Each structure stands twice: as structure tokens, then as C-alpha cells.
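Notes follow once the structure below has been shown.
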Amino acid sequence: MFEISSKILDYFGISSDFSVIVVVLVFFVYGLFALTFASLFAGITSWYERRIAGRMQSRIGPNRVGYQGFWQWLADGLKCWFKEDIIPKDTDSVLFRIAPYFVFTGVLSTFVVIPFSPTIVGSDMNVGLVYIIAITALVVAGILMAGWASNSKWTLLGGIRSAAQMISYEIPVALSLIVVIIPAGTLSLQKIIQMQGGAPYNWFIFHNPGTFAAFFIYFTSALAEGNRTPFDLPEAESELVAGYNTEYSGMRFLFFLFAEWMNLYVIGAIATAVFLGGWRIPGIAYEVQAASLWLQFVGFIIFLIKALLLVNVIIWLRWTLPRLRIDQLMIMCYKYLIPLSVIMILLSVFFTVIYYSLPFLSLAVRIVLFILSLIVAGYFGYRVYFNIKYFPDKTYLRWMI
Amino acid sequence: MNISEVHTEVKKFFPEKISDVIASGPLSFFYFEPEIIKELFLVLRDKIGMEFKHLSYIAAVDNKECFELVYCLYSYRWGNVIHLKTRLSRENPIIKSISDLFVAAEWHEREAYDLMGIIFEEHPDLRRIMMPDDFEGHPLRKDFKEKDNYHGIPTSREKILGKF
Amino acid sequence: MTLEERLNLVKRENEILLNMGPQHPSTHGVIRFIVRADGEIMVEALPVVGYLHRGIEKLAEQTPYTGFIPYTDRVDYLAAMFANHAYVMGVEKLLGIEVPKRAEYLRVIACELNRIASHLIALGSMAMDIGAFTPFLHGIRERELINDITEMLCGARLTYNYMRVGGVSKDIDDRIIKKINDFLDRFLPGFIDEFNRLITNNEILVKRCVNIATVSADEAINFGLVGPNLRASGVKWDLRKNMPYSVYPELKFEVPVGEGFRGEVGDSYDRFVVRVKEMEESARILKQAVSQLPEGEILAKVPKRIKPPKGEVYSAVESARGELGYYIISDGTENPYRVKIRTGSFSAMKAIHIKSQGCFIADLVVLIASMDIVAPEIDR
């Protein structure tokens, strides 16, 4: 955003006395844009998820408000807005009121470093990844506050579970990101994207076997950190009623859901930026893309599509899988994911060093990994085809119902 | 082993305390004296050839003159079912619990205590089970009269139809 | 002793007392557990029942014999046909009535349809308690077809009131038979395979259920468990085979027992798989029963005012939740003198109390669901 502000300053010839005001204004506009984007995304995803869930469960899902029920999310938001904000007696009312904002802010703050295109980014920090890991800790604080301040045993259990889970899973998230930092040599998200090519085999996910595995470790741990099924223990509705947000109602309750759905985009966007080539367009050099406004827009769309594909996968998982138990969750983190990601770091170091002396090996490994993932995707497609063909009921396969 | 064979077998152990086999409609059973309940059920449960290890239910019946307890036992090994009965006096319905022999008996005895007011000695946890703790009376008794109100809530309803 | 005194009796330091229910998403109706937990690990889950106690046994003493049939529906709303069946069988035994063959076949068809419906709910809600929502709705989707069939058959979808003393209330026709056959074609290879792929063989479900709350065969018998819960522990006991009633001897079917499919014999996963297999067997029974259906009357000659002679009877059927028995005493009048209902869930609740000691709170949910508890059956 500093670049854009300086361009505006130059264009209008504003003297340096007022430059601060302009910069603040530009940042304010960008912040508004990010907030709007995140809120719209969260809302539309809530509708989209329910439609997908309906398809998967042989039912229809919301289809009354507007075309195909598209405005359902707005209706739900309005409903929650008008609901009474109930603060139960005997709660710690200050913490109780403040907790949803912690969670919301924690997730929203990641949008500072999440890029949309080569130049449209809140701030291209040189410690971008560290910033993301650090700022999302606010979410833990918020959830723990909500759980504690509600003064209910169910919320307390939910809060404690969630704190244990999120703090534990931050470790594999960080470690699996380090795997990519080694070949990239930078922490800035924009630079990491810049170092990847547009074509799929130039992405960091196919850089070496270490990064390939790190992508899946990141994805799994990010799901757990974001409290999504199969790791949604903090809000396990069958065990803990609704976990930490049991006592909330109205808009405050909505803030938790906002954060959850925004977090979907954050998971997808970080994976896209770090592993899947971000906004790069195949066959177009970085400088050309950065100079052209149209190519930037195309990059933004590409970035969005990649992130949305990942969001789709998360939604599939949620409506397919059961949930783990708390001890199994911890065992998975500390016994499997952390050692595995440490090994992947070593592997990544090994390959990065070897690529300096044997450049052709780099291309070979990339292409082999790319073909391997194509096979996996092909098998997945075959299973989908098989399941559709096998079951006689074709009612729910229609495009729109 | 059907009921008459069980009866002859058990009669060897408790010759005095067991009645003859009585057929009442399709069901046959025999009576036993309440004081031998533990020994009798131990024999029935553990004697080779009988092995009635599954207590199906305990039904308490108000017979106007006395209370009757009906025990139904299954033997999965030999594939048969028997019914036994015992009589308890109305004034003092006390019998030994068999919940240490059959875990299943614990709740059935609690139910009999709650609804019929039969007291089981040596029961680990004899509380009301269906009714609230502060309920008065035992509703399955034939002479049970419902109270007019429960904590100020009337239990009967005004008859609206008669008014018009 | 009151509940409070019972809790104070065993109270220890550093325990939290969680009140799970009567309104809780996973307690299947209005069951209440008082969970004494040390962190995530339970010391004990004390069941508090009675929230659905309607005094059906007392009501029976003031109702004529035929008038009590609708009440039996309410004993177990998910498998009402069995409660009907057991009760009318008992009254028929008291009266000494021979039921026409066609009526017996219709009873078997209705009961087996109901068993599939009940197991679909049991399995689906177990999956839902573990966190998978989709299998539950797939189960509901199939159950909807069964409900349509029973609606055509007896006019009701949940509380059927289908059986009469001496037969059944309505005859079956070709339309319904076609509908049953359509359902079976779709159900037996298709749905069961899809369900197994979706949830039964799901690694997370297996991990959650295997070796949780294992009930050995001896324990199961001593706890008084019946039905699928008993068979999952490896005891091959099915009233349809071992004490045959109705026309079950004429039908070929297997009795699935728990074999320790992925872990020990008698764990929660065995209880899950046994129910899946039982649904398959029920579908097989249905196929035979529909094809063998004889012609004839559907109602025997029964006097209008039923007045059985003095006597007692115990009649039991193999319900979806195990042995469901009616102990009826007749004193020669129009009303039964005493009716005692023996249900499977009642003893399963006691087993849950014992087996809950020392497992995780999350496992309690699995345990409750795997025992297939239905609240009105406990309280009656």
C-alpha cells in the first residue's frame, strides 16, 4: 500500500506536509476493502456451504431467499443483528462482551499480509509468515475468554479444549511453513509468490518431496487450528452442546461464525500463496504482471479460484468425516505431524542444497511430483464417478434444485 | 430344562420352602419363601445344568392381600425361561436384594421400590427411579390415591363441559 | 436417599459435576446424566431417568384390552410395531386364539420394515454423535421410504396401532408390495454398500469406537443386555431363532454376532456392525416374506368385548432393541389386572452407568449411542 500511496502523492503533487493524511486515508480505504471482502466471503461461504451440504446429504438446503437462496446469508445476518444481545447473569461481563471481537480481529488481522495481486496487499512485511502465526494467537485468547467468562462448565471445557488444540497445532503449521521458507529464503508472502512460476510444476508444492508433504501437513494442521471438522472438538455439538459459544446470542454469536468462515479463506489463501503459486499467471513474467492493471486483476481471479478450491475441499471434509477424540487429536499432533514436519525440513534442506549443483534434478523432481499428483487427482475423479454411477438416485445431481 | 425339571432339581435343596408348580393360564411358575431368595438364586445361577444367568425382569404385583414379586430368568446356555414368584406381606414388604448376583436386578429393584414400595435389604443404591425424590406414595399400588396437588400444582382439572 | 445425598456420598476433590441433559444434543430424548469428571476423564456418569415416565403400566390397569394397543406404540416410538406385536401376542395366548397365516406374515413384514427403520436411526445418530452428519441424513432418506410404506399399510408413519388381537387391521395390496420390492432393490446392495463406504469403514469412526466400552459375554448376560447389544458381545441369542414365534421358523435368516471386527469382541464398533448386518438380514426376511405371502383372512374371529379367562402370560418378541416382553395378569375382567413391560433400554442404561467409569466424556456419547437408548422405553 505504501507504493500506491506514493504514486498518488506523485500524481497529485501533494506536498510532504499532507502526505501522512493521504497515506492514512489510503490505508483506511484498503482496510475497508479487506473488511468488506472478508465479510462478503464469510457470508457467501455460509450460504455456499449449506448448499453443498444439502447436495451431499440428499436434501435441498436453503433455496427460498432470492435466486437459489443466495440472499440467505444476508437474511440470517439481519436476523442475528435484530436479536437480543443476551448476557447471562453471573458472567464476567467485560470479558464476555470483548471475546468475540478478539476472535474476529485475530482472523481479520491476517488480511494485512494476505496478498490479492502483485501490488494490492496491505503491507508486504518481510516477516509476513511470522506475523500470521503470531496474530492468530489472538483467536486462542478470545476463545479462552469466551469459554471462561460464560461461567458455564460446557463452555469452559470447550474453551480449554480449544486452547490446547490451537496452541498445539500452531507448531506443525509453523514447521510446515518453514519447509517452504528454506528454498524460498524469505518470509515475505509476496516474495515467496514471486519466486514461484505460473505453471503448476513451478509451484513450491512440487519443489521437492519435503514441500510436497509439507503442504498436506499444513492443510491438516490448519484445519485443526481453525477448529474445522474432523477437528472441531471445541464446538463438538454432540458432546459439549456448542462449546465455547454456548451462551452467546445475536450479533456476538455471529462474530464467532464470521471468524470461522473468514478463517476458511485465510487457510486457503496462505496455502495458495505459499505452496500453489499465488497470483502468478503461467507464461507471464513478474515484472510484466506487476506493471499491468489488467494482468493484476487476472492474477487476483486466479488467486481467488485456487483459494476457493481449497475452501471447497474443506467443506467436503466437514460433511464427510466424523470427529476425532481429544487424546487422538493430541497424539496425531505430537507423535506424527511434528516429527514428520521436522523430517520434511531436513529433506527440504537436502534437496535445496543438491539443486545448486544439479539443476536438472530440480526439473525432474518437479515433473515427477506433478505427474504423481495428477494420478491422485485422477483416482479421486474416478471415485466420484463410481459413487455417482453406483447409486440409482440421481435427483440431487441436477445443476440447480 | 423346563419349569417342572427345575422345580424337582431345586426342591432337593429347599424341600420345605418351595411350593408346587402352578399353572395359571399359559404361564407356569412356583412360589418360594422370601428368606431363601439369595441361596435359591445362587443355585439357579451357578448350578451346572440350569445356569439361569440372565435376569430378565422383576415385576411387583399388588395382590390386594399381599405383594407378589415375579422373577423371570433366562438360561442362554440351555435356551429356556422360567418364572418364579414370592409373596410379601402388605404391612412389611421387605426382601433381600439380589443385585450382587445379577447386576440387572439393581434397577428393577429400584423400580419395584419406587412404584410398589417394596424394600430391598442390602441394596447398594435404593432410591426412587421414575418418580421425583419428594414424591409421596407408591403409584402402582391398587390403593394409591393421587394427591390433590403436587407442590401447589393441582393434579386434577376443572370440568369445563359441565358448566354449559 | 435422594439424588443429592447420593452425589454427596461419593464426592471427591477436584471433580467437576457436569449436568448432561435432559436437554442435550446427544442424549437421544430426555435422558439425564450427572457426569463426575476429572478433566476430560469421567469418574462416573450417573443416569437420572424418569423424565418421560407416563405410567403406562398404571394406565393399562384402567384400559380395556383392545384400548391399550395404541398405548403400546408409545413405549418405543422408533419401533412401535414390536410393542404392538408383543402385546397382542400375549392377549392371544391368554384367549387361546389362532391367528391366520396371512396376518402372521403381515405382522412379520411390518416388524421387519420397522426394524430396518429403527436401526437406520440408531446407526445414523451414532455417526452423528461422533460428528458425521451426512450418514444420519442418508439413513433418514431411506427411512422416509419405509415410512411411506407403513403409511400406505396402516395409515400412520410413527405410532402405527397396526396389530389387532387376532390379526392385523388392514390388508396389503399389490401397490404396497411393489413399493416394498422397489425399496428392497434399492436398499440391499446399493444403500448398505454406500453406507459402509461412507461411515462403517471410515477410519476415524473405527478409531473412535474400537475397544470403547467393551462388554464381555458374561457381563452382557449379567447386565441384562438384550438384542443387538447382547449379540455384539458374542452371545448367539435371538428370540426369533431360539424361542420362535409367529412365522419366523418358515423364514431363512442368519443371526449376526459380534466377532471383534476391528478390536475386542463386544466393543462399540461391534455393536455398530451387528446392527448393519441385522438390517441386511431383515431385508432378506422381507424378500422371503413378501414372496411367500399366503392368501386368506387377516383377522381371526374374536369376540367384540375381550374378556380373557383368569391367568398370566409372558410374551416376548425380538424388537429392534432386543427382547420386548409383556407380562400380563388377567383377573377375568375387561381390563388387565397388571401389565409389566420388559424393555431393552432399561437394562442398557444400567450397563452404561457401569461402563462409563473411566472413559472420556467424548466416549460417553459413543457409548450411549452404541447401546441404542430410547428414552420412553426406559421410563414407560
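Quick note: the coordinates plus some simple rules give every number you see, no bench work behind them. For clarity, every value in this text was computed on a predicted model and none was experimentally measured. Here the Cβ is made from the backbone with ideal geometry for all residues, glycine too, and neighbour counts use every protein chain on show.
Couple of notes before you dig in:
- P(r) of region A:249-393 over all Cα-Cα pairs, binned every 10 Å from zero, in whole percent: 9, 19, 35, 26, 10, 1, 0
- With the gyration tensor restricted to C-alpha atoms of region C:262-380, the semi-axes of the equivalent ellipsoid amount to 36, 24, 9 Å, longest first.
- By the count of neighbouring beta-carbon atoms within 10 Å, fewest first, A:LEU129, A:LEU372 end up ordered A:LEU372, A:LEU129.
- Shape metrics for chain C, restricted to C-alpha atoms - Rg then Dmax, Å: 20.9, 70
- Measuring max minus min along each principal axis, the C-alpha atoms of region A:214-301 give extents of 53, 32, 12 Å (largest first).
- Between B:ARG90 and B:PHE67, the built amide H atoms are under 5 Å apart, and every one of these is 5 or more places off in sequence or on another chain.
- Residue-count net charge about B:GLU51 - beta-carbon cut-off 9 Å; Lys, Arg +1, Asp, Glu -1: +3
- The gain in end-to-end length when the A:PHE216 to A:VAL22 segment is fully stretched comes to 65.6 nm, 0.36 nm per residue minus the alpha carbon separation.
- Between region A:53-126 and region A:176-226, the C-alpha centres lie 28 angstrom from each other.
- Between region B:127-164 and region C:307-380, the alpha-carbon center distance in angstrom: 25 Å
- For region C:259-288 and region A:268-299, distance of Cα centres in Å: 54 Å
- Reciprocal of mean inverse Cα separation for region B:3-154 (Kirkwood radius, Å): 16.5 Å
- GNM result for chain C, Cα springs below 10 Å: residue of C:LEU324, C:LEU225, C:LEU137 fluctuating most strongly: C:LEU137
- The alpha-carbon atoms of region A:87-357 define a convex hull whose volume equals 119 cubic angstrom per residue.
- The residues packed around A:ARG97, meaning those with a beta-carbon under 13 Å from its beta-carbon, carry a net charge of -2 if Lys and Arg are +1 and Asp and Glu are -1.
- Lysine pairs meeting the criterion (Cα under 22 Å, 8 or more apart or interchain), as found in region C:168-292: 15
- Dipole of the protein assembly as shown, positive end: most advanced residue of C:ALA300, B:LEU161, C:SER356 [Cβ charges, Cα centre]: C:ALA300
- Fewest-first sequence of A:TRP279, A:TRP47 by Cβ atoms within 10 Å of each Cβ: A:TRP47, A:TRP279
- Percent RCO, i.e. relative contact order, over region A:1-82, from Cα pairs under 8 Å lying at least 6 residues apart: 18 percent
- Environment charge at C:PRO294 (Cβ cut-off 14 Å; Lys +1, Arg +1, Asp -1, Glu -1): -2
- Each helix, a run of at least 4 DSSP H residues, gives -39500 (n - 2.57); summed and divided by the residues of chain B, these come to -6000 deg cm²/dmol at 222 nm.
- A Gaussian network model of chain A, with springs between Cα atoms under 10 Å, assigns the largest mean-square fluctuation among A:LEU374, A:LEU309, A:LEU254 to A:LEU374.
- Value at 222 nm in deg cm²/dmol, rounded to 500, when DSSP H runs of n ≥ 4 in chain C each add -39,500 (n - 2.57): -14000 deg cm²/dmol
- Cβ-based charge dipole, chain B, positive-most Cα from B:ILE22, B:LEU42, B:VAL10: B:ILE22
- Under the Debye formula (equal points on every Cα, no solvent term), log10 I(q)/I(0) of the protein assembly as shown at q = 0.05, 0.10 Å⁻¹: -0.38, -1.18
- Fluctuation leader among A:GLU247, A:GLU225, A:GLU84 - chain A, Gaussian network, Cα springs under 10 angstrom: A:GLU84
- Cβ-based charge dipole, region A:1-82, positive-most Cα from A:TRP71, A:SER58, A:LEU40: A:SER58
- In chain A, helical runs assigned H by DSSP with n ≥ 4 each contribute -39500 (n - 2.57); averaged across all residues and rounded to the nearest 500, the mean residue ellipticity at 222 nm is -22500 deg cm²/dmol.
- Shown here: region C:257-299, whose C-alpha atoms stretch 49, 19, 11 Å along the first, second and third principal axes, sorted largest to smallest.
- Applying 1/(1 + (r/R0)^6) with R0 = 51 Å to the Cβ-Cβ distance of C:ASN147 and B:LYS11 gives a FRET efficiency near 0.45.
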